[in-house]
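See below for the structure under consideration.
Readers should treat all values here as calculations from the given coordinates under stated rules, not as data from a laboratory. Keep in mind it's a predicted model, so treat the numbers as computed, not measured. Neighbour counts are summed over all protein chains in view; Cβ atoms, including those assigned to glycine, are modelled from backbone coordinates with ideal geometry.
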Amino acid sequence: MKEQTHKVDLCVVGGGMAGLCAAVAAARRGASVVLVQDRPVLGGNASSEIRMWICGAHGADNKETGLLEEIHLENLYRNFPPSYAIWDSVLYGLARYQPNLKLLLNCSCTEAAMDGQRLRSIKAWQLTTQTWHSVQAGLFADCSGDGILGALAGAEFRIGREAAAEFNEDIEPPVADSRTMGLTCLIEARETDRPQPFIPPAWANRYESDVQLANRGHDLGTNFWWMELGGENDSIHDTEDLRDELLKIAFGVWDHIKNHGKHGAENWMLEWVGFLPGKRESRRFMGDHILTQNDVRAAGPFDDVVGYGGWSMDDHHPAGFRHPGEPTIFHPAPSPFGIPYRCLYSRNIANLFFAGRNISATHAALSSTRVMATCAILGQAVGTAAAIAAAHGLTPRGVYQHHLKELQQQLMDDDCHLPGFVREMSALTRQARLTASTGDPEPLRNGRDRALGAVDNGWGGPVASSWVGYEFESVRHVSEARFTFDSDLNHRLLNMPCRFDLHPQDRGVPGTLVRSFRIEARTTDGSWRPVARVANNYQRLVRVPLDVESDAVRFVPETTWGAPQAHLFAFDVR
């Protein structure tokens, strides 16, 4: 068999939303990266193979930004009517064409080589090329969901529910057990313009009355997440058997919708059934801090916040579909709550990060942090930390000890919101005089790049007739302008729908985003000349490289994607 060896700064195992964001963030910050993914597509539970939509923090203006918002906006720009083929291509393109990043798809991590308590290399089998890949790295990140790399390396982990008394968690059982949340094979339906029959396979379960689906809402607007099994089994080793049982349920539920009772499904067809179960819980690795229910409810006031959650503690019953009562309990959680960096690296394997649903948390806290938007921003935090660690020759713990503020500032500079923290402005931005054609522009350099409560933290003006700019005490060199535009963090349009309507809901770039704009510099005679123009922007975070010598520069919005006024949260010069 063929063998290949790769030597890099960071090896990421697992290409779900957490691993994808970790790998891209590290590569963009200058680290050399290999991303090892055992599937042909990226995105994990969000991919076309599983099709769970990406959820995150509840509440106004709490939407996760950074790389995740970049992905979301790329998808909104390119993907209408919505297609999973296009969605997969958005994720693929982000990784495959990112400089400093080598993507290995269809490649399964099988071995880990150690130097004491440090990972030295991994071995991975690529089925499609019949090639063994050896990846040697100074740093590793397990973003595989089930935690295959950490388990091979001997990282400390837990599976199941803690006893209530261990961390004083009142939503946990009195006695610890190995029960978890289960697995789901999702289904998707498509509406047509004529009646569609459905003949179930002979092996499908039969649900002839709604009583058999009590407490399981099954109108066509749901994504059928409650078709769940495995919490009473081994959520890793029993996956194949559980898949077989889940398929019986999935086809049986669709048979019920089509052939038993009135469900408004006459013109609907079964578009797709997932043969790869989506998982909620398995291994959780232990870090220098274990996030608990009480941390969540206290809103996580940590000094080392590098991300946040805000989903309810959504604790699915271990029996899943076989439980006759409500399939989950939504225990309240504040939104947002901070998540500390110390939950994202191993306490006993010196050079191992983790991100995703395998972070250092109790079962109770995991029931909130497991949702993919939270996983993605924690992945970006891990990738950013890994780049810092590689640059300074440090372990993950060393970043916490020596470069925590740098990590937090880099994350915020990349448009990751850290509740309670403020992004620092460049000296050039701070020292200049900020003026505008209308309104108060000062919020543009306050380091709070979104609305917070009743405070807008932005500036706006009519397109084509307004401007905002910086004046310097003398001629200065300006090398970059950085903008945070308004992508409407309250629109809540999911990355993909759970069904395909005959006439789908309109999707597209948020109307609030600035589409075209120019940057002007003042000349020695006092006139203004254009030094850069962007004609078709659809992103929230935009960096415009410049090479300008001037005593003033200004931003002039030309058009938006629909709003009558341009609105932005930050404008920095560097």
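Table for the structure above
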quantity	calculated
Residue within segment 196-217 that is among the β-branched types (Val, Ile, Thr), surrounded by 18 or more Cβ atoms within 10 Å (Cβ to Cβ) and assigned to a helix (DSSP H, G or I) present	no
Residues of segment 182-215 that turn out to be among the hydrophobic types (A, V, I, L, M, F, W, C) and more than 21 Å from residue 273 (Cα to Cα), as a count	2
Criterion violated by residue 21 - all others in (1) within 19 Å of residue 146 (Cα to Cα); (2) surrounded by fewer than 20 Cβ atoms within 10 Å (Cβ to Cβ) satisfied	(2)
Of all residues making up segment 309-324, the number that are touching a His at 6+ places or on another chain (Cβ under 7 Å) and either assigned to a strand (DSSP E or B) or not polar (S, T, N, Q) (or both)	6
Residue satisfying all of: in segment 52-64; charged (D, E, K, R) and surrounded by fewer than 24 Cβ atoms within 10 Å (Cβ to Cβ); farthest from residue 367 (Cα to Cα) among these	61
Matching residues in segment 229-276 - criterion: being free of Cβ contacts under 8 Å to residues at least 24 places away in the same chain and either crowded, with 21+ Cβ neighbours inside 10 Å or outside any loop (DSSP other than H, G, I, E, B) (or both)	240, 241, 244, 245
Every residue from segment 21-66 that is touching a strand residue (DSSP E or B) at 6+ places or on another chain (Cβ under 7 Å) and closer than 24 Å to residue 82 by Cα	43, 44, 45, 50, 51, 52, 57
Some residue of segment 290-300 being in a loop (DSSP other than H, G, I, E, B) and farther than 21 Å from residue 158 by Cβ	yes
Wholly enclosed helices (runs of 4 or more DSSP H) of segment 359-473 bearing at least 2 residues of a type in the set (Gly, Ala, Ser) and closer than 30 Å to residue 158 by Cβ	363-369, 372-392
Single unsatisfied condition, residue 538 versus (1) of a type in the set (Ser, Thr, Tyr); (2) under 21 Å from residue 438 (Cα atoms); (3) crowded, with 18+ Cβ neighbours inside 10 Å	(2)
Unique residue being of a type in the set (D, E, K, R) and crowded, with 21+ Cβ neighbours inside 10 Å when the list is 423, 430, 448	423
Meets criteria (out of contact with any Leu (no Cβ under 7 Å at 6 or more places or on another chain), small (Gly, Ala, Ser) and surrounded by fewer than 17 Cβ atoms within 10 Å (Cβ to Cβ)) for residue 474	yes
Hits in segment 309-367 (condition: touching a strand residue (DSSP E or B) at 6+ places or on another chain (Cβ under 6 Å) and among the β-branched types (Val, Ile, Thr))	328, 329, 339
